[in-house]
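Bear in mind these aren't lab numbers, they're just calculated from the coordinates by the rules spelled out. Computed from a predicted structure; not experimentally measured. Every residue, glycine as well, gets a Cβ built from its backbone with ideal geometry; the counts of neighbours run over all protein chains shown.
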Amino acid sequence: MSQRRITRRGALGAAATGAGAAALPASAAARGRKHRRRSLSADVVVVGAGLAGLTTARVLRARGHSVYVLEARNRVGGRTWTKKVRGVPVDFGGQWIGPGQTRLAALAKAVGVPTFKTYNTGLNVYQRLGTLKTYSGAIPPASPAAIGDIATALAKLDQMAGEVPLATPWTAPRAREWDGQTLETWKLANMTTDEGRLLLDLGIEAVFAGEPRDVSLLHVLFYIHSAGSFENLINTEGGAQESRFVGGSQTVSKRVAAKLGHRVLLDTPVRRIVQGRRGVTVESDRAVVHARYCVVTAPPALAARIQYDPILPAARDQLTQRMPMGSVLKVHALYDRPFWRDDGRTGQATSDTGPVKVTYDNSPPNGNTGVLIGFIEGEEARRWGPRPLAQRRAAVIAQFAKWFGPAAGHPRAYVEQNWMEEEWSRGCYGAWAPPGVLLDYGAALRKPVGRIHWAGTETATQWCGYMDGAVRSGERVAAEVGRLL
């Protein structure tokens, strides 16, 4: 979260978008609105106005091609979403940028969105078996045996990850072995201490918003290689959680969309995509767009909710049935000031018990308001998500007070985002592959289906699952389609 520390993937995540799909392919409401729908035409129609879709449109427009972007939500940004709470910009979705995320950095610079460092000065909090300890640096004060155990495990994972081809992980020499097991299976066979296993669990939960038992070992190895190392995924300083965007991450999408202007249509969920010999027709509630090519940027599970005519090839459809979204709630507590800094704390905590297991200082750059964020992920999210907000709030605030003192028990505001309940995401930070999926269906992830091409952070070969991966996927698919125009 670091999203770890992860990522959240950023939440987190990620980032690219989920715009396109409706729960039903052609609802009665959609049919009833048919006579009022606009008829439009373009070289390319893009489904989803997250970072992937907006980047696709931006690049194609710069090359002189006409394009429309259809977004189901009433906003752009996809799984990045910044809202003001008590006047403070708060990122409800993906938010971090780290070293090596060069394409996201270039895009942010191009549209004039600066970054600032995540607050990382002082001591972190580590809780295990009810005992609190503070520490500095990236290594928790675990037992020497656990530290050796996790260090050895991460070195092994990094080494194996280097053997996984980024474009075709299913062709790795040991792909069948690695995709035939979960990370949980590997962990139990290769780690010997409960505390070392806990530390690995926390990292995996933070990256995938899932449990080690959920995710294919091959997929984890690909993810590690796509980021350069496991530590790049989970670290703050030098890692994926190193910096944030001034004004919030959604500002990048808003500025890209502003330059595209009327070419971005909001509140426009795509229901059906029809291909013909000479083009493609994309049908939504508000518009029908006739184009030469279509780019779908929704994650696989949401892309599956669109009706396709002709139907998708079996391999692509089976893939979409097998890549679930992660389970996460992102929670924020706002205070008059970041008081934990006075006590020499970073605002970062790691815990073996939930609902929140990872926190960060998410205060604005001027520090005039204190913001703590926490992540409820994986099994904890599935357990706590259905409970009443008041119960969840009480449990989270009690944890914050335990870690950062009595003042943390009295926030002036508490807000949260349950990404599992968000209609056009149904989870975060991104989609992941259980065992067997990459081996049998991975080749369908980016392979075009006729005039339909696929983007989104899940299709990225570098920084897959992150905002940078979303941008890279948009650049890749724009070049792919551009060669055909």
Relative contact order (%) - criterion: Cα under 8 Å, at least six apart; region: region 384-438: 19
Relative contact order for region 243-294, counting Cα pairs under 8 Å that sit 6 or more residues apart, in percent: 22
Hz values of 3J(HN,Hα) by residue in region 335-352 - Karplus curve (6.51, -1.76, 1.60), Gly and Pro given as x: 10, 4, 7, x, 4, 5, 5, 4, 8, x, 10, 7, x, 9, 9, 10, 9, 8
Residue-by-residue Karplus 3J(HN,Hα) for region 148-165, coefficients 6.51, -1.76, 1.60, Hz, glycine and proline x: x, 5, 5, 5, 5, 5, 5, 5, 5, 4, 4, 5, 5, 4, x, 8, 9, x
Formal net charge of residues neighbouring Lys259 (Cβ-Cβ distance under 9 Å; K, R +1; D, E -1): +3
Packing rank of 46-52, 243-249, where each peptide gets the mean count of other beta carbons within 10 Å, highest leading: 46-52, 243-249
Å³ per residue enclosed by the Cα convex hull of region 269-410: 178
Residue order, fewest to most beta carbons within 10 Å, for Leu439, Leu218: Leu439, Leu218
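Net charge near Trp340: determine it from the other residues with C-beta under 14 Å of the C-beta of Trp340, scoring Lys and Arg +1 and Asp and Glu -1. Intermediate results must be reported in sequence, preceding the final value.
Values: positive: Arg337, Arg341, Arg345, Lys402; negative: Asp336, Asp342, Asp343, Asp361.
Computed value for this residue: 0.
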Built amide H within the under 5 Å cut-off of Ala298, gap 5+: Ala19, Gly20
Farthest positive-ward along region 316-475 dipole, Cα basis, beta-carbon charges - from Ala407, Gly367, Gly344: Ala407
Peptide ranges 345-357, 412-424 listed from the most packed, as the mean C-beta count within 10 angstrom indicates: 345-357, 412-424
For His219, His290, His453, order by how many other beta-carbon atoms lie within 10 Å, fewest first: His290, His453, His219
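For each of Thr359, Thr80, count neighbouring Cβ atoms within 10 Å of the residue's Cβ, then give the residues from fewest to most. Write out the running numbers ahead of the final one.
Details: Thr359 29, Thr80 32.
Ordered from fewest to most neighbouring Cβ atoms within 10 Å, Thr359, Thr80 come out as Thr359, Thr80.
For the chain, what is the mean residue ellipticity at 222 nm derived from helices alone (per DSSP H run of n ≥ 4: -39500 (n - 2.57); sum divided by total residues; nearest 500 deg cm²/dmol)? Before the final figure, lay out the partial values.
Working: 16 runs with 153 residues, N = 485.
So the calculated ellipticity at 222 nm is -9000 deg cm²/dmol.
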Whole-Å distance, taken between Cα centres, linking region 410-449 and region 135-176: 23
Residue among Ala175, Leu198, Val471 farthest towards the positive dipole end of the chain, charges placed on Cβ: Val471
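Need the full-extension length gain, Ala167 to Ser136, defined as separation in residues times 0.36 nm minus the C-alpha distance. One decimal, nm. It would help to have the intermediate numbers written out before the result.
On the way: separation 31, 0.36 × 31 = 11.16 nm, distance 3.74 nm.
My answer for the length gained is 7.4 nm.
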From the coordinates shown, Cα extents along the principal axes in Å corresponds to which of (1) 65, 53, 39; (2) 88, 47, 46; (3) 72, 46, 44: (1)
For region 333-449, the Rg and Dmax computed from alpha carbons only, in angstrom: 17.9, 57
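Just how large is the dipole of region 219-263 about the Cα centre, in debye to the nearest 20, putting +1 at every Lys and Arg Cβ and -1 at every Asp and Glu Cβ?
Numbers: 5 positive and 3 negative charges, 109 e Å.
Roughly 520 debye, rounded to the nearest 20.
Report the local net charge at Gly474: Lys and Arg +1, Asp and Glu -1, summed over other residues whose C-beta lies under 10 Å from its C-beta. Write down the numbers at each step before the final one.
Working: positive: Arg58, Arg103, Arg472, Arg476; negative: Glu475.
Here the count lands on +3.
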Karplus-derived 3J(HN,Hα), 6.51/-1.76/1.60, for each residue of region 130-147, Hz, glycine and proline x: x, 9, 9, 9, 10, 7, 10, x, 9, 9, x, x, 7, 5, x, 5, 5, 4
Whole-number percent relative contact order across region 404-485, with pairs defined as alpha carbons under 8 Å at least 6 apart: 17
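Determine the shape class of region 432-480: with a ≥ b ≥ c the square roots of the Cα gyration tensor eigenvalues, call it rounded for a/c under 1.5, and otherwise prolate if a/b is greater than b/c, oblate otherwise.
Working: a/c = 2.92, a/b = 1.18, b/c = 2.47.
Cα axes put region 432-480 in the oblate bin.
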Given charges at beta-carbon only (K, R positive; D, E negative), |dipole| of region 56-128 in Debye: 80
